[in-house]
1. Consider only pairs whose beta carbons are under 7 Å apart and that are at least six residues apart or on different chains; among these, list those whose first residue lies in segment 385-404 and is modelled with pLDDT of 95 or more and whose second residue is open to solvent by less than 10 Å² (accessible area, probe 1.4 Å) and assigned to a helix (DSSP H, G or I).
2. Exactly one of (1) open to solvent by less than 10 Å² (accessible area, probe 1.4 Å); (2) in a helix (DSSP H, G or I) is unmet by V143. Its number?
3. So which pairs qualify, if the first residue must be in segment 473-500 and of a type in the set (F, W, Y), the second must be modelled with pLDDT under 95 and in a helix (DSSP H, G or I), the Cβ gap must be under 6 Å, and the two must be at least 6 apart or on different chains?
4. What number of residues in segment 81-114 are over 30 Å from G469 (Cα atoms) and open to solvent by 40 Å² or more (accessible area, probe 1.4 Å)?
5. Here is a check on your reading of the model: is E421 over 20 Å from K90 (Cβ atoms), open to solvent by 50 Å² or more (accessible area, probe 1.4 Å) and touching a residue at least 24 places away in the same chain (Cβ under 8 Å)?
6. Of all residues being under 16 Å from the mean Cα position of the chain (by Cα) and among the small types (G, A, S) in segment 449-478, which is farthest from D420 (Cα to Cα)? Just the residue, please.
7. Filter the helices (runs of 4 or more DSSP H) completely within segment 196-255 down to those with at least 1 residues that are on the phi > 0 side of the Ramachandran plot, surrounded by fewer than 24 Cβ atoms within 10 Å (Cβ to Cβ) and not hydrophobic (A, V, I, L, M, F, W, C).
8. State whether the residues of segment 452-473 include one that is of a type in the set (V, I, T), more than 18 Å from G436 (Cα to Cα) and touching an Asp or Glu at 6+ places or on another chain (Cβ under 7 Å).
Amino acid sequence: MKDQVLRSREWFGRKGKDGFIYRAWMKNQGIPDYEFNNKPIIGICNTWSELTPCNAHFRELAESVKRGVLEAGGFPVEFPVMSLGETLMKPTAMLYRNLASMDVEESIRANPIDGVVLLCGCDKTTPSLVMGASSVNLPTIVVSGGPMLTGNHRGAHIGTSDVWRYHDDVRAGKMLEEELLTIESAMCRSQGHCAVMGTASSMACMVESLGLSLPGNAAIPAADSRRKALAQFSGLRIVEMVAEDLKLSDILTTQAFENAIKVNAAIGGSTNFVIHLLAIAGRIGVKLNLNDFDRLSAAVPLIANLQPSGKYFMEDLFYAGGLPAVLKELDGILNRDCITANGKSISANYQHAVCYNPDVIATIEKPFNNATGLAVLTGNLCESGAVIKPSAASAHLMQHTGKAVVFENIEDFKARIDTDELEVDGDSVLVLKNVGPKGYPGMPEVGNMGIPKKLLESGITDMVRISDGRMSGTGFGTVVLHVSPEAAAGGNFAMIRTGDLITLDVPNRKLDTNIEAAELERRKKEYIEPLPVVERGYVKLYTDHVQQAHLGADMDFLNGGSGSKVLRDSH
């Protein structure tokens with residue numbers, strides 16, 4: 001390490017006034033000079049917060065990382081960044097993903113850090129941390145918080161995906177509110193993020209398939225002692241990565257992104273994966289577009305039998321062999337030579353993996369479901385694209401034409417969805433506008449609109465639903481999402497009116513309306529752009545600069561990175 005030129009030496013190796021200040025105020029914590037001077041300084045970027053319940057155990061996890069850093073001869077420094085609690089933040093945590101990424105980027109760049117460990121778990125904490133770190137491009141490793149233990153209610157295994165079923169049962173009069181209160185405690189019974197293949201689990205699988213974490217990171221339950229052991233190994237490894245100068249740009253190659261897309265299709269990962277991976281690619285400088293997701297996913301069947309597309313949970317995936325067992329099954333379609341955080345190729349990491357439960361992890365030859373986990377649609381209703389998750393949809397609705405029932409915004413939807421006056425039947429197509437990046441703002445998870453109460457009572461449990469918003473990774477149904485351009489941007493989607501015919505054709509990747517081109521143009525001339533929701537602060541910055549969903553909904557001025565150089569001192 002003594003011969004290594006460390007970035008932190010620009011702070012602690014300085015002579016005169018500046019070096020004095022940088023070192024002296026570190027020493028006021030009782031740290032002797034030799035601990036931080038000429039040792040790799042490892043930043044532990046921690047999204048711990050009691051307002052982010054999924055990440056509430058991260059203080060303890062950080063201690064395990066620190067042990068590994070110290071063991072390897074580095075010096076750990078833990079620092080907080082904005083934490084995004086999916087379950088508590090209003091109007092949506094997605095509104096603040098880009099803000100958190102800016103916090104991460106500037107915190108890393110501005111401080112004497114040689115390598116970074118990203119502690120992330122809840123949905124948006126993972127992409128925001130990876131986005132921010134990518135813009136600085138130092139040696140970086142990810143440690144996920146892990147899924148919670150599988151819930152159990154009246155002898156049945158339950159998880160977050162069941163929330164949507166229980167909600168409909170209460171609306172249909174099949175379940176009392178009192179039982180729902182009992183289920184709350186039975187479902188969230190340990191630390192960790194959602195126990196299904198929701199967005200948090202999809203993000204954990206994303207970073208492992210990209211090569212940003214140690215093998216096995218994605219599925220170890222938060223409450224399992226092996227999660228702490230992995231955190232300690234990660235702390236040890238990041239010191240080695242600094243010595244090797246193994247940076248994010250070395251790992252996040254085009255081939256690594258291709259692997260992540262194929263894996264997401266095979267596990268039935270969240271549709272949110274698309275929007276986050278696009279944003280990460282934009283930060284690291286990899287050319288990726290929406291069509292790449294369909295091209296790379298189309299031939300990949302679903303092999304992971306996990307909710308919401310299947311029946312098992314993340315805990316079961318871990319016991320069945322974890323993501324390495326999934327990767328081994330996909331060996332024939334992956335870019336096998338991609339380098340990963342431990343310095344080995346991705347294929348070397350999974351070559352000894354074993355599947356211990358073929359009911360949880362099926363084979364490519366005999367998949368759990370022949371439907372892929374992702375499809376990208378185009379057409380005159382979504383000029384720049386839209387997405388759907390076929391593996392979690394109803395087969396009989398994959399080719400469907402119906403009359404639109406339009407809700408102009410979320411308030412309109414909530415006011416009318418359960419009224420007797422709503423003119424709707426099982427063939428109708430529910431359309432929700434103005435819930436996109438600009439329109440809401442922040443693109444919330446309201447795309448899996450509840451079925452109208454009177455249809456639920458008649459036994460209908462699914463119908464085609466279309467919005468410019470997102471859906472929770474725990475959600476399911478025949479739901480078209482991320483319509484781009486969104487209604488608030490004046491795209492064709494804004495022009496749809498109740499009664500218009502809409503055709504969904506997933507096999508042919510089309511989403512169209514029968515409105516004639518001339519009529520569309522007439523409606524566009526009559527269109528009045530909605531007034532902005534907020535006229536100040538970060539939300540105004542966001543609505544002024546956020547890109548559309550097909551570009552990853554990042555800020556237009558955040559594409560690319562600024563690197564790690566800081567040329568001016570503070571005193």
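The values are calculated or read from the model by the stated rules, or taken from the named source; none is laboratory data. Small disclaimer: the values here were computed from a predicted structure and weren't measured. Neighbour counts are summed over all protein chains in view; Cβ atoms, including those assigned to glycine, are modelled from backbone coordinates with ideal geometry. SASA here: full protein model, heavy atoms, side chains in, ligands and nucleic acids out. Shrake-Rupley method; radii C 1.70, N 1.55, O 1.52, S 1.80 Å.
1. Cβ pairs passing all conditions: V387/V274.
2. The failed condition is (2).
3. From residues that are of a type in the set (F, W, Y), the pairs are F476/A392.
4. Taking segment 81-114 as the starting set, the residues that turn out to be over 30 Å from G469 (Cα atoms) are 107-114.
Now drop any that are not open to solvent by 40 Å² or more (accessible area, probe 1.4 Å), which leaves 110-111.
Residues that pass the stated criteria total 2.
5. On the way: over 20 Å from K90 (Cβ atoms): yes; open to solvent by 50 Å² or more (accessible area, probe 1.4 Å): yes; touching a residue at least 24 places away in the same chain (Cβ under 8 Å): no.
Taking the combined requirement at face value, the residue does not satisfy it.
6. The residue in question is G473.
7. Values: elements: 199-210, 225-244, 248-251.
By residue number, no helices (runs of 4 or more DSSP H) qualify.
8. Scanning segment 452-473, I find no residue that is of a type in the set (V, I, T), more than 18 Å from G436 (Cα to Cα) and touching an Asp or Glu at 6+ places or on another chain (Cβ under 7 Å), so the answer is no.
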